[in-house]
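In what follows, a structure is listed as structure tokens, so that the remarks can point back to it.
Each value in this text was obtained by applying a stated rule to the coordinates, not by laboratory testing. Computed from a predicted model, the values in this text were never measured in an experiment. Here Cβ is always computed from backbone atoms with ideal geometry, including for glycine, and neighbour counts include all displayed protein chains.
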Amino acid sequence: MQPIRQEAATRPWRTAWQRAGASGSAAAVFSAAALAWRGYADEGSAAGPLNGPSQWIWGETQAYRRDATIRTAVGYAIHHSTAILWATLYERLLGEQRHPKSIVRHLAEASSMTAAAYIVDYHFTPSRFRPGFKKHLQPASVFAVYAAFAAGLALTQIVRGSRR
């Protein structure tokens, strides 16, 4: 009887993980587009901010690179993976829709999860494992990136809700 209870307890996390494939990917793509756009606007390099997460592997000095290399692709892969991780938490805590939610509620929930991600990313995470975006972006641009992330999470929920 114990294995059945354990499976029932892990089912919501498995469902959240499956749903996070879409919401995390949308958040990753939206925020990566904002990273490239704001990186180009702030420093003339669309690749620079996407290099930031590559510091996980190659160290902080590599996060300052502005040219597009294989490290840019690795930086994006890390960014996308962490977006799915945050989306899994989002889906587990806020993603289930027992009752219809307004667009404003979806945006508020996605924004609150994104604010939590920012706080953890930049205030509790060791320097090397931070996103590294701030090495290339002005504060308003960092805000725009996280806003795009929230928009990706919310849009996925809004589309799912409209299909019901």
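Under the 0.36 nm per residue contour assumption, what length would be gained going from the current alpha-carbon distance of H123 and I70 to full extension?
Details: separation 53, 0.36 × 53 = 19.08 nm, distance 2.82 nm.
Computed gain between H123 and I70 is 16.3 nm.
For region 98-164, the relative contact order comes to 55 percent (Cα pairs under 8 Å, sequence separation of at least 6).
Projecting label points 7 angstrom from Cα along Cα→Cβ for Q138 and H99 puts them 4.3 nm apart.
What does the net charge come to around D42 if you take all other residues with beta carbon closer than 13 Å to its beta carbon, with K and R at +1 and D and E at -1? Provide the component values of the computation, followed by the final result.
Numbers: positive: R38, R66, K134, K135; negative: E43.
Taking every Cβ under 13 Å from that of D42, the sum is +3.
Using Cα atoms only, what is the angle between the long axis of helix 139-163 and the major principal axis of the chain, expressed in degrees (0 to 90) to the nearest 10? With both axes taken from Cα atoms, the answer is about 30 degrees. Over the chain, dividing the summed -39,500 (n - 2.57) contributions of all DSSP H runs of at least 4 residues by the number of residues returns a 222 nm mean residue ellipticity of -24000 deg cm²/dmol.
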